Amino acid sequence: TTDDGVVFGGFFVLASYREGYEPYKWRAENVAFASVKSGPHGADFPTQVLQTTWDLPGLLGGRLRLYPSVRVVRLTGQNFFGVGNDSAATRSGAEEAGSSGDPARYFQYSNWSAEARLTGRTPLLEDLHLRAAAEIRYGDVSPYAGSLLAASQGVEADDGKGIYGVDPLSSGLLAVGLLWDSRDHETVPERGGLYEFSLRAAKGLPASTDVAYVAWTLDVRKYFPFIPGRLSLATRLLADQILGSAPFYELTRAGAFSPLAAPGGLRAIRGVPDGRYAGKVKVVAGAELRSWLWRFHFGEHRFRLGATAFGDAGRVWSDLPGDPALDGRGLGLKFGVGGGPRLQWGESVVIRVDVAWSPDANATNPSLPLGIYFALGAGY
């Protein structure tokens, strides 16, 4: 992807299908990968990930579904362009003159983190589910010398508008939410919808980090079949607000149970680089026209080949009410448009390639102003 580079490593899914269990008895998704990307001084390895995630849907006679996961991540080229919808992607003359660090790393930082998470889901009604999660996490951020993050550290930290989470930080998080899920298929839905409202609260340690916040997320997805099995429309609206003193990297993420990069990145506004915009309030909307063109078999394995066209848009606010100096005064929408192929393998694996154009893509890829993503999963 244009965010991470060329990814190499291993990915495998194991799933057990048994009568009486929907959609399967259990599923394990395991990932070990690194990425290589052209950096400011040659080849970089910006992303290294080890992760295992299990899906156990049949516990307590089908009344409880658990998702335990463990994840270790090292990132060396994460983006930080400041806070607000109007943050600049270029340096001012004064910033260039006053910086003593590597100019190619001015909008970047590195960090590593380890986290363990347990998410649970239980039905209340036929389509209504209660969700809960608990997470423990350790993170260690390293700003590059002379970078924007190093310059921003500690600024205005006494009024709730500062940059938090730059020092080593341990944190615990609890989340709860309600999920209405009427989709006809979990992996490649064509009709129905998914509606989720969640709350999360986190506290950082040691107390001197001053990290403590609560947040809410609304995630609405709706699916419309035009030609069943052939052509459908998927739509999404995502809103997220943080209240309190959150680590700066949480300002580029959204969601309580499967946190995603937002507003930029593969799972939000494709074409806008991950980390390009940061804020306590985020709104993202998207629509995706999906088609399946060819069905075929390879041995006992079933495949479908298709394509999609999409458009995503949204924006952030540094906080509410918005600050015109940080967020601008106009509509300020960020957007991306594009498309790409899809390959479905069996019932639980979708391989996709998305190519998106956005005016913001050249912030990190001036020679190739596109977002290019190779990923697993059908998307929203």
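The values are calculated or read from the model by the stated rules, or taken from the named source; none is laboratory data. In this text the structure is predicted, and so the values were computed from the model without any measurement. Glycine gets a Cβ as well: all are built from the backbone with ideal geometry, and neighbour counts include every protein chain shown. Just so you know, the surface numbers come from the protein's heavy atoms only, side chains and all, with ligands and any DNA or RNA stripped out. Shrake-Rupley method; radii C 1.70, N 1.55, O 1.52, S 1.80 Å.
Model label points for residue 207 and residue 375, set 7 angstrom from Cα along the Cα-to-Cβ axis, are 4.1 nm apart. You can think of it this way: the chain between residue 345 and residue 186 has 55.8 nm of extra reach, that is 0.36 nm per residue less the Cα-Cα gap.
One chain, two ends: residue 287 and residue 301. Fully extended at 0.36 nm per residue, the span grows by 2.0 nm beyond their Cα-Cα distance. Within the set [x] 129; [y] 140; [z] 210, the number that volume of the Cα convex hull per residue in Å³ takes when calculated for this structure is listed as [y]. Cross-linked pairs 203/334; 37/334; 222/280; 280/334: Cα-Cα separations exceed 28 Å for 203/334.
How would the range 25-91 be classified by its alpha-carbon gyration tensor: rounded, prolate or oblate, with rounded meaning a/c under 1.5 and the a/b versus b/c comparison settling the rest?
Details: a/c = 5.28, a/b = 2.02, b/c = 2.61.
Oblate is the answer for the range 25-91, as a/c is 1.5 or above yet b/c matches or exceeds a/b.
Defining a contact as two alpha carbons under 8 Å apart and six or more residues distant in sequence, what relative contact order in percent does the range 105-256 show?
Working: 358 pairs, mean separation 28.6, N = 152.
Over the range 105-256, the number comes to 19 percent.
Give, rounded to the nearest 20 debye, the magnitude of the charge dipole that the chain has about its Cα centre when Lys and Arg contribute +1 at Cβ and Asp and Glu contribute -1 at Cβ. Could you put the intermediate results ahead of the total?
Values: 38 positive and 39 negative charges, 226 e Å.
Roughly 1080 debye for the chain.
Take each of the peptides 36-49, 102-115, average the number of other beta-carbon atoms within 10 Å over its residues, and list them starting from the highest. Show your work: numbers first, answer last.
Details: 36-49: 14.4, 102-115: 18.5.
Put in order of decreasing packing, that is 102-115, 36-49.
All other residues whose Cβ lies under 9 angstrom from that of residue 273 are scored, Lys and Arg at +1 and Asp and Glu at -1, for a net of -2.
Solvent exposure of the range 227-361, expressed per residue, is 40 Å² of accessible area, with all protein chains present and a 1.4 angstrom probe.
For the chain, the carbon plus sulfur part of the accessible surface works out to 63%, probe radius 1.4 Å.
Length gain on complete extension for the stretch residue 17 to residue 128, per 0.36 nm per residue less the alpha carbon to alpha carbon distance? The partial results should precede the final answer.
Values: separation 111, 0.36 × 111 = 39.96 nm, distance 2.39 nm.
Gain in length upon complete extension: 37.6 nm.
Ranked highest first by average number of other Cβ atoms within 10 Å, how do 351-359, 271-279, 130-138 line up?
Details: 351-359: 18.3, 271-279: 27.0, 130-138: 16.4.
So the peptides 351-359, 271-279, 130-138, ranked by packing, come out 271-279, 351-359, 130-138.
Peptides 65-78, 295-308 ordered by packing proxy, namely the average of other Cβ atoms within 10 Å per residue, highest first: 65-78, 295-308. Dividing the helix sum by the residues of the chain, where each DSSP H run of 4 or more adds -39500 (n - 2.57), gives a mean residue ellipticity at 222 nm of -1000 deg cm²/dmol. Answer with one residue from 308, 252, 324: the one whose Cα lies farthest towards the positive end of the charge dipole of the range 242-380, charges on Cβ with Lys, Arg +1 and Asp, Glu -1. Working it through, the farthest residue towards the positive pole turns out to be 308.
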